[in-house]
Amino acid sequence: GSMNVRETRVLDFSGDFSRYRRQIPHYGFGNLTDVKVSEPNTPYTLIQNPTGRPENRFTFSKDKTSGNGQFIIELFFHAKDQQKTFIIEYHVTDVVQLHNDVAEFYWKFIGAPRSVDIDKMSVALLLPVGAQSDEIKVWGHGPLKGDVKKINGSELSWHTTDLPKNRFLEGRVVFPLRLVPQGRNLTHKDALASILAQEQ
């Protein structure tokens, strides 16, 4: 019931910049661990004190000031009127809810509001193998011009363009419980009928 995430973020900088912040609200999962950051062919080093914003370094912390808090990953670099590609990887525990009748994955791939618009966004999700395509149901929430695709019983995708800074993109998937036999996030309730009604 856990998930490995790899985000590739391509940013166009206009001006002089030295920090990028990725914020992940702590909601709907157990913990976030094993954070790694890099640019292509350039791994970043985790540090505790970012004084002076040293290049090719990152920090990882949790802000607990509201609700369940949020995880914060800050990248330090130098960019001036150029494009940079950042790769952020992490592990999320207990992200799949196990209902009595179905397993559910519900994740906000990009939140809102943000400081910048997104020109193009694509998400690929790989489920554990072992289900037929017709046993998987998938939805996307966000702009109506987005595409949601069920490629087969384990590969799903979401895609959208021109995502404004005040809009989010999230995905919801239900699939057989047998795909996550070691899942621990139990709800002890039937959920499929209500999920289908919501999405309808």
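Scanning the range 142-200 for residues that are in contact with a helix residue (DSSP H, G or I) (Cβ under 9 Å, 6 or more places away or on another chain) and of a type in the set (Ser, Thr, Tyr) turns up just one, Ser154. For the range 41-55, residues that are open to solvent by 50 Å² or more (accessible area, probe 1.4 Å) and either at negative phi or in contact (Cβ under 8 Å) with a residue 12 or more places away in the chain (or both) total 8.
Are any residues in the range 145-200 farther than 22 Å from Ile110 by Cβ and acidic (Asp, Glu), and if so, which ones? Asp190, the sole residue that qualifies. Comparison of Val92, Val102 shows that the only residue that is of a type in the set (A, V, I, L, M) and under 14 Å from Ile24 (Cβ atoms) is Val92.
Contact annotation: residue pairs with Cβ atoms under 8 Å, 6 or more positions apart or on different chains, pairing a residue in the range 133-159 that is of a type in the set (D, E, K, R) with a partner that is assigned to a loop (DSSP other than H, G, I, E, B), are Glu135/Gly153; Glu135/Pro176; Lys150/Ile136; Glu155/Leu127.
Residues of the range 85-96 that are surrounded by 20 or more Cβ atoms within 10 Å (Cβ to Cβ) and of a type in the set (Ser, Thr, Tyr): Tyr90 alone. For the range 50-71, the candidate set comprises residues that are of a type in the set (Ser, Thr, Tyr) and within 20 Å of the chain's Cα centre (by Cα); within that set, the residue that is nearest to Met3 (Cα to Cα) is Ser61. Is it the case that Gln200 is out of contact with any His (no Cβ under 6 Å at 6 or more places or on another chain), over 27 Å from Val116 (Cα atoms) and modelled with pLDDT under 95? The answer is yes for Gln200. Residues of the range 10-49 that are under 12 Å from the mean Cα position of the chain (by Cα) and among the charged types (D, E, K, R): Arg22 alone. If a residue has to be open to solvent by 10 Å² or more (accessible area, probe 1.4 Å) and within 17 Å of the chain's Cα centre (by Cα) to count, how many in the range 72-84 make the cut? Going through the range 72-84 one residue at a time, the tally reaches 2.
The values are calculated or read from the model by the stated rules, or taken from the named source; none is laboratory data. Owing to the predicted nature of the structure, the values given are computational and were not obtained by experimental measurement. Every residue, glycine as well, gets a Cβ built from its backbone with ideal geometry; the counts of neighbours run over all protein chains shown. Keep in mind that these areas ignore ligands, DNA and RNA; they rest on the heavy atoms of the full protein, side chains included. Shrake-Rupley method; radii C 1.70, N 1.55, O 1.52, S 1.80 Å.
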